[in-house]
Amino acid sequence: MSAPVLVINSGSSSIKYQLVDGETMEASTSGLIERIGQSDSVLTHRHAGGKTVREDRFADYGEGLEAMVAAFEEHGTPLADAGLIAVAHRVVHGGERFVQPVVVDDEVERAIDELSALAPLHNPANLEGIRTARKLFPRLPQVAVFDTAFHATVPERAHLYAVPAEWREEHGVRRYGFHGTSHAYVSRKAAEMLGKSPKAVNVIVAHLGNGASVTAVERGRSIDTSMGLTPLEGLVMGTRSGDIDPAIVFHMHRQTGASFADLDAALNKRSGMLALSGHVDNREIEKAAAAGDRAAQVALEIYCYRIRKYIGSYIAALGGADAIAFTAGIGENSAEVRAQALSSLVALGVDLDEAANAAGGPVISTPQSPITVMVIPTNEEGEIASQTAALLRS
């Protein structure tokens, strides 16, 4: 590797990691530490020789990352000998302050902590990973790469909410958008597949996983995106409601006495496809729908309808699109979702090739289709490593 970067994505009870070349964006080793703080923690370490699983109790992020370091030492190249140029961290919310990657110092740590008010489910865990890694790798630059940064170019007409000025000015209420590293990478790859510069094409990216968002990318710049102040807005997701009438929150508070914390948890963790179908995993939903489960059929229809609405509106916002790119777990693997999401968009320039779609692409539209439709595997860790290497070069 010419520019090895250890990429860390710290969740509420898990740590994902990859050793990635910041020049080629290729990973040599990856792993996942799950159920941190519980008695049945698990580390799964994937390396050139295969996969190693360690079951243990990792009480906190420190023990989890120490186990990761041990896994590198036992299987493959020890991190101390890997020539690391940096440790890079995914941070979900950068607010209006962080619109580019940044080398972490104490002041940046404090700012990320303050931004936890905008992402209470994500930023605290991201910050815990940063603090732990700074202690574990004190001589290496720690770089924070923000999910929101790619959407810093979204214009006021799309990012301003029609709410009282003091909400916007004093409390940072606006659309920020998320999945930025994925949207940046995939939109650039789509342009590459078209044989053009990113600055010469308009691309709509549908990042469809347990969390899901659609972004309109105009000549390499995000101009609108479906997620908002938080990752709750937009598409129906695995456990998130997506777009709803905001008054539902106050209605349910009055009707049930539920606290706003309870309602927040309900909309983020007990809604979406789980609430509609009883399942979170799209594979289970599609299987149930095919077996005649009416709830699963309706859930799938709602899920795809919301995607279709956003794609259609973004074709209009862009004044026409050159490409639509599906990515992430569901976007890359579900021909059914792609077909349903694109149905009835023929009039807007989408002509789906059913055989190519069933085969998974990479191009799933007909040669005659005015808009090229693609399936592009995302590479968020590669994008994070690439942005980190570029920052350190500059």
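Can you name the residue in segment 1-40 that is of a type in the set (Ser, Thr, Tyr) and not in a strand (DSSP E or B) and is also farthest from ALA70 (Cα to Cα) among such residues? Break it down into steps so the answer makes sense when it comes.
Quick first cut of segment 1-40, residues of a type in the set (Ser, Thr, Tyr) only: 2, 10, 12-14, 17, 24, 28-30, 39.
Okay, now just the ones that are also not in a strand (DSSP E or B), so 2, 12-14, 24, 39.
Details: SER2: 23, SER12: 22, SER13: 19, SER14: 17, THR24: 26, SER39: 19 Å.
Taking the candidates together, the pick is THR24.
Scan segment 74-93 and give yes if some residue there is under 18 Å from LYS16 (Cβ atoms) and in a helix (DSSP H, G or I), otherwise no.
So far as segment 74-93 goes, yes, one or more of its residues are under 18 Å from LYS16 (Cβ atoms) and in a helix (DSSP H, G or I).
Looking at TYR161, TYR185, which is the one that is among the hydroxyl-bearing types (Ser, Thr, Tyr) and buried (at least 18 other Cβ atoms within 10 Å of the Cβ)?
Working: TYR161 fails: buried (at least 18 other Cβ atoms within 10 Å of the Cβ).
Checking each option against the conditions leaves just TYR185.
Could you please find all residues in segment 49-72 being open to solvent by 20 Å² or more (accessible area, probe 1.4 Å) and in a loop (DSSP other than H, G, I, E, B)?
Hits for segment 49-72 are GLY49, ARG57, ALA59, ASP60.
Take segment 122-158 and flag every residue that is open to solvent by 30 Å² or more (accessible area, probe 1.4 Å) and in contact with a Ser or Thr (Cβ under 7 Å, 6 or more places away or on another chain).
Passing the criteria: PRO124, GLU128, PHE150, THR153.
Search segment 73-100 for residues being over 26 Å from the mean Cα position of the chain (by Cα) and surrounded by 15 or more Cβ atoms within 10 Å (Cβ to Cβ), and hand back the single one that is nearest to THR230 (Cα to Cα).
Filtering segment 73-100 for residues over 26 Å from the mean Cα position of the chain (by Cα) gives 73-83.
Subset that is surrounded by 15 or more Cβ atoms within 10 Å (Cβ to Cβ): 75-77, 79, 82.
Numbers: HIS75: 39, GLY76: 39, THR77: 39, LEU79: 35, ALA82: 37 Å.
The residue in question is LEU79.
The values are calculated or read from the model by the stated rules, or taken from the named source; none is laboratory data. Note that the structure is predicted; figures quoted are calculated from it, not measured. Glycine gets a Cβ as well: all are built from the backbone with ideal geometry, and neighbour counts include every protein chain shown. Side chains are part of the model used for accessible areas, which takes the heavy atoms of the whole protein and leaves out ligands, DNA and RNA. Shrake-Rupley method; radii C 1.70, N 1.55, O 1.52, S 1.80 Å.
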